[in-house]
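See structure below.
The values are calculated or read from the model by the stated rules, or taken from the named source; none is laboratory data. Note that the structure is a prediction, hence the values are computed from the model and not measured. Please note: Cβ atoms are built from the backbone with ideal geometry, for glycine as well, and neighbour counts cover all protein chains shown.
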Amino acid sequence: MSRNRTTGVIAAFALSALALTGCATSADAAGSDAADTAEASTITLYTSEPQEKIDAVIAAFNAHHPAITVDVFRAGTGDLTARIATEEKAGDIGADLLLAADAGTFEDYAERDLLLEYASPEAEAIQQDLIDPEHFYVGTRLIPTVIAVNTNVITDAPTSWQDLTDAQYAGKIAMPNPDVSGAAAYNAAVWLDDASLGTTWLEGLAANQPLIAESNGPVSQAVADGSSPVGIVVDSLVRDLAAAGSPIEAIYPSEGVPFVSQPVGIFANTDEAEASKLFVDFLISQEGQEIAASQSYLPIRSDVDSPEGAPAIADIDFLNPDLETIRASQADAVETFNALFQ
């Protein structure tokens, strides 16, 4: 199999298309006849999703497919990819599906023949640039990384990535560890690739000695409690905390925001291909995307509204690097990050 192509899965994302209305509602695969005929089976899902969020997705899925048990192993993306690498070397990956990370990670797995080709019927209704042209994976939501501020502490909030290099934010910033967070690893490569940011900006950010937390969750909590009143974090967590009453606000930097699409893919060695396909269908169905939006994620279908408090997708300036460039540079970018920040 040759994967030597520039997919543009994220890089050429025509995001404005998601702001359009009138997309025909797809058939409700979640509640199709397949639910009545599915055989009893168990599938294992590896995911970086917060436990309570993936539990809600599985509960809704089981309302349509009660015969399918979904076992979950959740961890940060870095831990998941390390686990998969160990299992690949042993010749037996222990999961049926992976829901995590970014398109580049899935491209790597596709190149190694680890993924099953599957073109979901639900994919017709989502943003087409989120679909792998060879159908080894599909994006499930939009997850931008933004600046978060504690509004009780920060009165002069940054409006750009460049602002974070200002000495006034020294010792006040938290950000996730790219060795653990897949989004953080992807972001490091995107920032270093961006002409307006690059190594100079990253060095300036490091000079302000940010707290490097294990993942996005602790970063958002540190901003909310004021221990690190400025954070670099995924926007969905900011909305979650704001809805719960925390004094936290998301700022979409003027240079643009990096983002991942948290793809889902089925491992080629699965013994439960049909049940796994039903789970993929559900994730990108209208109901699955409504659940995503209720969990503060930006949906990938134009027939599903964005979460309350989120800007319109058309109003967000997304950083759109070439995916192959990011794939090729991500390991070096994480190494550069670690040298500067740890």
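Checking each residue in the range 56-110 for being of a type in the set (Ser, Thr, Tyr) and farther than 21 Å from residue 182 by Cα picks out only 69.
The residues of the range 276-309 that are assigned to a helix (DSSP H, G or I) and either modelled with pLDDT under 95 or polar (S, T, N, Q) (or both), listed by number, are 276, 286, 289, 294. Within the range 63-77, is even one residue in contact with a strand residue (DSSP E or B) (Cβ under 9 Å, 6 or more places away or on another chain) and closer than 15 Å to residue 281 by Cα? Scanning the range 63-77 turns up at least one residue that is in contact with a strand residue (DSSP E or B) (Cβ under 9 Å, 6 or more places away or on another chain) and closer than 15 Å to residue 281 by Cα.
Can you name the residue in the range 222-252 that is of a type in the set (S, T, N, Q) and over 21 Å from the mean Cα position of the chain (by Cα) and is also surrounded by the most Cβ atoms within 10 Å (Cβ to Cβ) among such residues? Checking each candidate, the answer is 228.
Of all the criteria given as (1) buried (at least 22 other Cβ atoms within 10 Å of the Cβ); (2) touching a Phe, Trp or Tyr at 6+ places or on another chain (Cβ under 7 Å), the one not satisfied by residue 255 is (1). If only residues of the range 120-146 that are at pLDDT 95 or above and among the acidic types (Asp, Glu) are counted, the one that is farthest from residue 320 (Cα to Cα) is 122. Considering the range 24-53, and only residues there that are at pLDDT 50 or above, outside any strand (DSSP E or B) and among the aliphatic types (A, V, I, L, M), the residue that is surrounded by the fewest Cβ atoms within 10 Å (Cβ to Cβ) turns out to be 40. Scanning the range 192-213 for residues that are charged (D, E, K, R) and surrounded by 16 or more Cβ atoms within 10 Å (Cβ to Cβ) turns up 193, 194. Among the residues that make up the range 112-134, is at least one of them aromatic (Phe, Trp, Tyr), touching a Lys or Arg at 6+ places or on another chain (Cβ under 9 Å), outside the structural domain of residue 327 (by TED's automatic domain parsing) and part of a loop (DSSP other than H, G, I, E, B)? Yes. When the range 164-174 is filtered for residues that are free of Cβ contacts under 8 Å to residues at least 60 places away in the same chain and under 18 Å from residue 249 (Cα atoms), the ones remaining, listed by number, are 172, 173, 174.
All conditions in (1) surrounded by fewer than 22 Cβ atoms within 10 Å (Cβ to Cβ); (2) farther than 30 Å from residue 154 by Cβ; (3) not β-branched (Val, Ile, Thr) hold for residue 301, with the sole exception of (1). The residue list 152, 187 contains one member that is part of a helix (DSSP H, G or I), assigned by TED's automatic domain parsing to the domain that holds residue 252 and touching a residue at least 12 places away in the same chain (Cβ under 8 Å), which is 187. Pull up the range 253-275, narrow it to residues that are within 23 Å of the chain's Cα centre (by Cα) and of a type in the set (Ser, Thr, Tyr), then point me to the one that is modelled with the highest pLDDT. If we take residues in the range 253-275 being within 23 Å of the chain's Cα centre (by Cα) and of a type in the set (Ser, Thr, Tyr), then 254 is modelled with the highest pLDDT. Among residues of the range 75-87 that are touching a residue at least 12 places away in the same chain (Cβ under 8 Å) and surrounded by fewer than 17 Cβ atoms within 10 Å (Cβ to Cβ), those with a beta-carbon under 9 Å from a residue that is in a helix (DSSP H, G or I) and not aliphatic (A, V, I, L, M) at least six positions away or on a different chain give the pairs 75/83.
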